[in-house]
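Here's the structure we're looking at; comments come further down.
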Amino acid sequence: MPPGHDNPQTGPFHVEGAEPGDTIAVHLVAVEPARDYAVSAFGPGFGAIVGTDRTAMLGAELPETTWRYEVDRTQQVARSHSPDGKFRWEVPLAPFLGCLGVAPAMGDVRSTIVPGTFGGNMDCPEVRAGNTVFLGVNVPGGLLSFGDGHYAMGDGEIIGAAIEGAMQVELVVELLKRHATPVPRIENQDEVMFVGTGRPLEDAARQAFKAMVQWVRARSGMREMDAFQFVSQHARAPIVQLVDPEYTVLVKLDKRRVPGLRG
């Protein structure tokens, strides 16, 4: 793969009427594998438990390796095997988009490998059919793009790649005027989620937890300390990925547990 061609995207799309301070709500109607195969790979210098340019370590690099997965739509699994053929395994299909984002603020330019408060390469399994992703608009038109189809992925994406392949996507874009969204938010009927990005990992978690405390406070009328306590005891926070230039952490909460929740 030529350098700089990571995470192919569709877009950017200009959303008519979108201005900084607005929010684009992306309703994901369908996210389905478009092929009967997918690929995962390891590239030297990329991954959560190897030396990288940011975490420099002495020692030999692990070899570049590729695994092909065959998609069984009937059983809803992807199957692969070790290169020597001695071991086989299957992974349940759970398709989602690794990348969904708008243009960054302040004229910033980001590679498609980098996530941020604008979304981007969040590699979040909750960017899936049935959920809505809320992204704050930073430039006129928003400039929405998406891609990087993932057929399945474990928490952390520790090898640097999911089970990746082309995707058929159906979505609806809704513009929410004069509604700011500083941190990517994901919702469905039962849950609200925030995606934090940053390094070190704890800063990504802090970003998402802070957004969740603020959301609970605004939607319930709780005092700040009560909202802090409530989120502390109810939230779940899987590590989404810790391989990209910025890490991502998902903080999620069952909305039905929030006392006094307002619409």
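Things to note:
- The string of couplings for region 93-100 from the Karplus curve (6.51, -1.76, 1.60, θ = phi - 60°) is 5, 8, x, 7, 9, x, 10, 7 Hz, one whole number per residue in order, with x for Gly and Pro.
- Residue of ALA227, ALA152, ALA56 that the Gaussian network model of the chain assigns the largest fluctuation, springs spanning Cα pairs under 10 Å: ALA56
- Shape parameters for the chain, alpha-carbon atoms, Rg then Dmax in Å: 18.9, 59
- Within the accessible area of region 59-120, the carbon and sulfur atoms contribute 56%, probe 1.4 Å, all protein chains present.
- Size of region 130-263 as Cα extents on the principal axes (Å, biggest first): 45, 33, 26
- Percent accessible area from carbon and sulfur atoms, region 144-263, protein chains only, probe 1.4 Å: 50
- Rounded to 0.05, the FRET efficiency of the THR52 and ARG206 pair, given R0 = 30 Å and the Cβ-Cβ distance, is 0.85.
- For region 99-222: accessible area per residue (Å², 1.4 Å): 40
- Whole-percent carbon and sulfur share, accessible surface of region 1-40, 1.4 Å: 54
- Residues whose amide H comes within less than 5 Å of that of LEU93, counting only those at least five positions distant or on another chain, are VAL77, ALA78 (H built at 1.01 Å from N in the peptide plane).
- Per-residue SASA remark: ASP190, around 60 Å² accessible (1.4 Å probe; ligands, DNA and RNA not included).
- About the Cα centre, charge dipole magnitude for region 74-163 (Lys/Arg +1, Asp/Glu -1 at Cβ), debye: 180
- Across ILE49, ILE158, ILE24, mean-square fluctuation computed from a Gaussian network of the chain (C-alpha pairs under 10 Å connected) peaks at ILE49.
- Under a 5 Å amide H cut-off, with hydrogens placed 1.01 Å from N, TYR247 pairs with GLY198, ARG199 among residues at least 5 apart or on other chains.
- The phi-based Karplus calculation (6.51 cos²θ - 1.76 cosθ + 1.60; θ = phi - 60°) puts the 3J(HN,Hα) values of region 155-168 at 4, x, 6, 5, 8, x, 8, 8, 8, 10, x, 5, 9, 8 Hz, whole numbers, x for Gly and Pro.
- In the chain, taking the dipole from charged Cβ atoms about the Cα centre, the farthest positive-side position among GLY116, ALA204, HIS14 is held by ALA204.
- For THR10, distant residues with modelled amide H under 5 Å away: PHE146, GLY147
The values are calculated or read from the model by the stated rules, or taken from the named source; none is laboratory data. It should be emphasised that the depicted structure is a prediction, and the values quoted were computed from it without experimental measurement. Please note: Cβ atoms are built from the backbone with ideal geometry, for glycine as well, and neighbour counts cover all protein chains shown. Ligands, DNA and RNA are stripped out before the accessible areas are found, and what is left, the full protein with its side chains, is counted by its heavy atoms. Shrake-Rupley method; radii C 1.70, N 1.55, O 1.52, S 1.80 Å.
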